[in-house]
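I have placed the structure first, in the form of structure tokens, so that the comments after it can refer back to it.
The values are calculated or read from the model by the stated rules, or taken from the named source; none is laboratory data. Note that this is a predicted model, so its numbers are computed, not measured. Here the Cβ positions follow ideal geometry from the backbone for every residue, glycine too, while neighbour counts run over all protein chains shown. For the accessible areas, the whole protein counts, side chains as well, though only heavy atoms, and no ligand, DNA or RNA atoms are used. Shrake-Rupley method; radii C 1.70, N 1.55, O 1.52, S 1.80 Å.
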Amino acid sequence: MRLARVLFQASQKVTTGIVGLPVNPAARTQLIGLYKQTLDELKAKIPEKAVYRQSVEAITTYRLKVVEENEDPSLIEKLINSGQVEELVGQAEDEIQLIAKMAEWKAWEPLEEPAPPRQWE
């Protein structure tokens with residue numbers, strides 16, 4: 001029992017190594033909630049045919065699956081490959097804020113004026 005406790009404590013992250021970003025022992029639980037909230041916000045605010053919604057849904061669905069299927073934060077970080085779990089929490093929070101902005105901007109609607117020739121080339 002004593003050896004198991006020592007090994008468990010050794011496996012706990014002490015620092016993120018990023019100034020100002022503390023270790024979040026509840027990051028996994030928080031990520032699950034944030035990813036579910038992201039999917040709900042997308043469904044409520046962004047049309048299905050919007051490329052933004054399709055992209056964010058695909059990424060978020062994958063990340064949610066990874067986080068739900070794995071409890072080890074280092075494995076989650078490895079599989080998602082976008083930073084530490086603490087950074088992923090920040091990314092998810094930022095995405096939720098961006099969804100509100102995208103809904104306000106209605107970026108999926110046609111341009112009010114035609115684009116100049118060769119602008120998108």
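In the structure displayed, which of Lys13/Lys78; Lys45/Lys101; Lys43/Lys78; Lys36/Lys78; Lys36/Lys106 lie more than 19 Å apart, Cα to Cα?
Numbers: Lys13/Lys78 15 Å; Lys45/Lys101 10 Å; Lys43/Lys78 28 Å; Lys36/Lys78 21 Å; Lys36/Lys106 22 Å.
Among Lys13/Lys78; Lys45/Lys101; Lys43/Lys78; Lys36/Lys78; Lys36/Lys106, the Cα-Cα distance tops 19 Å for Lys43/Lys78; Lys36/Lys78; Lys36/Lys106.
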Item to check | Value at 222 nm in deg cm²/dmol, rounded to 500, when DSSP H runs of n ≥ 4 in the chain each add -39,500 (n - 2.57) | outcome: -21000 deg cm²/dmol
Checklist entry - Within the range 81-121, which chymotrypsin sites (Phe, Trp or Tyr not before Pro) sit in a loop by DSSP and count at most 12 neighbouring Cβ atoms inside 10 Å? => result Trp120
Next on the checklist: Working only with C-alpha atoms, what are the Rg and Dmax values of the chain, expressed in angstrom?
Outcome noted: 18.9, 72
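With the cut-off at 1.5 for a/c, could you classify the range 81-121 from its C-alpha gyration tensor as rounded, prolate or oblate? Could the numbers behind the result be given before it?
Working: a/c = 6.53, a/b = 2.12, b/c = 3.08.
Oblate, since a/c reaches 1.5 and b/c is not below a/b.
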Item to check | Å² of accessible area per residue within the chain, as computed with a 1.4 Å probe and no ligands counted | outcome: 73 Å²
Checklist entry - On the accessible surface of the chain, probed at 1.4 Å, how many percent belong to carbon and sulfur atoms? => result 56 percent
